[in-house]
1. May I ask you to say which residue of Glu203, Glu170 is within 22 Å of Asp116 (Cβ to Cβ), under 15 Å from the mean Cα position of the chain (by Cα) and of a type in the set (Asp, Glu)?
2. Among the residues of region 148-165, what is the count of those that are in contact (Cβ under 8 Å) with a residue 40 or more places away in the chain and assigned to a loop (DSSP other than H, G, I, E, B)?
3. Mind checking which residues of region 96-125 are within 17 Å of Thr275 (Cα to Cα), buried (at least 24 other Cβ atoms within 10 Å of the Cβ) and of a type in the set (Gly, Ala, Ser)?
4. Tally up the residues in region 83-119 that are among the aliphatic types (A, V, I, L, M) and either closer than 13 Å to Ala251 by Cβ or at pLDDT below 95 (or both), please.
5. Looking at Ser106, is it touching a His at 6+ places or on another chain (Cβ under 7 Å) and on the phi < 0 side of the Ramachandran plot?
6. Looking at the structure I just gave you, is Leu163 modelled with pLDDT of 95 or more and of a type in the set (A, V, I, L, M, F, W, C)?
7. Taking region 134-167 only, how many residues are more than 15 Å from the chain's Cα centre (by Cα) and either within 24 Å of Ser98 (Cβ to Cβ) or of a type in the set (Ser, Thr, Tyr) (or both)?
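The values are calculated or read from the model by the stated rules, or taken from the named source; none is laboratory data. It should be emphasised that the depicted structure is a prediction, and the values quoted were computed from it without experimental measurement. With ideal geometry, Cβ positions are generated from the backbone for all residues, glycine too; neighbour counts draw on all protein chains shown.
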Amino acid sequence: MRSVFSLFAFAAASTLAACSGSSPSGLKGPETSSDSGTGGGVGGGGGDTVIVPTDPGSGDAGVASNCSDAAKLVYLVSEENVLVSFDPSKPGRSAYQSIGTLDCASSSAPQTMGVDRSGTAWVFFSDGHLFKVNVTNAHCTSTSYTYPGASTGFMLGSGFTALGGNVANEALFLLRDGEGLQQFNTATLTKTSTGGLRATSGELTGGPDGKLFVFDPSSSGRIAEINTSTWALNTVKTFSNSTFQGVSAFAFARYAGSFYMFTAGTDSSGLFPTTTKTTVFDPVAGTTSIRDADIGITVVGAGQSVCVPPPPIR
């Protein structure tokens, strides 16, 4: 998701980026060798060492056995119109693999993305048009759906989560500032308002445990859990003032119970976005750390399916 300022200031640049076929700098292709390296700590983590999560294997309560390998990763989509897989269990830039440039028939740029358990990415563009994207090759399939009222300044968050903690029963939720939280039916391409969160904006993420969260980097930045019965918010983490400042583009994902925030600032002119840094918050340890200070692209959407490793059992 890009900020309102970003959508206005970067409109021309975004159109050019969306049409570009170039590969993102610094990212690995599927066949290349890996490197490593992490940034220093920020916020509550201070100088904490980043703990790289591992796939819990048989401890995933059967989730992994019902899913393809592709559905077990986090996916990122960039301002440059490139789809990237992200495997938090790998160190440094070896975790990011460029899949390819989206071939979606749109002159605008990606706005937000959710990933279902079949490994399909549901990508909304800034003109409101919804595309289904194959996460193995970045190929787009157009849908008949366009979000009503999408225009300059359009901001939308999205994310899948399991309903009732049942990974075979997932749902896509949308959050638009001023309209609140909505549930989107991917079969009928229709949305239904929940009646909640009309004064809330940000990106969404869920998981195999059926929980739903929102991340808003404005002010100091906050992660809150959304009660899926009452739609009330419960703050999980409020970050220090120095953690998220001047954010022009951001995205949000969750893997093995940890939260990943992908944020970009602006350059010295204040007009163009910088490349993205990856910040991780571990709610069990209570630590916040910069996992990767610069991943070489500007991320505007992130998503993971309900097939990713669940939070550790406590």
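1. After applying the criteria, what remains is Glu203.
2. Residues that pass the stated criteria total 6.
3. Hit for region 96-125 is Ala109, nothing else.
4. The total comes to 5.
5. When the stated conditions are applied, Ser106 passes them.
6. So Leu163 fails the test.
7. Here is the first cut: in region 134-167, the ones more than 15 Å from the chain's Cα centre (by Cα) are 134, 136-154, 162-167.
Those left that are additionally either within 24 Å of Ser98 (Cβ to Cβ) or of a type in the set (Ser, Thr, Tyr) (or both): 134, 136-147, 151-152.
The total comes to 15.
Residues are listed down the side, and each one gets a yes or a no for (1) basic (Lys, Arg); (2) buried (at least 23 other Cβ atoms within 10 Å of the Cβ); (3) touching a helix residue (DSSP H, G or I) at 6+ places or on another chain (Cβ under 6 Å):
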| site | (1), (2), (3) |
| --- | --- |
| Gln245 | no, no, no |
| Phe252 | no, yes, no |
| Met261 | no, yes, no |
| Ser268 | no, no, no |
| Phe272 | no, no, no |
| Lys277 | yes, no, no |
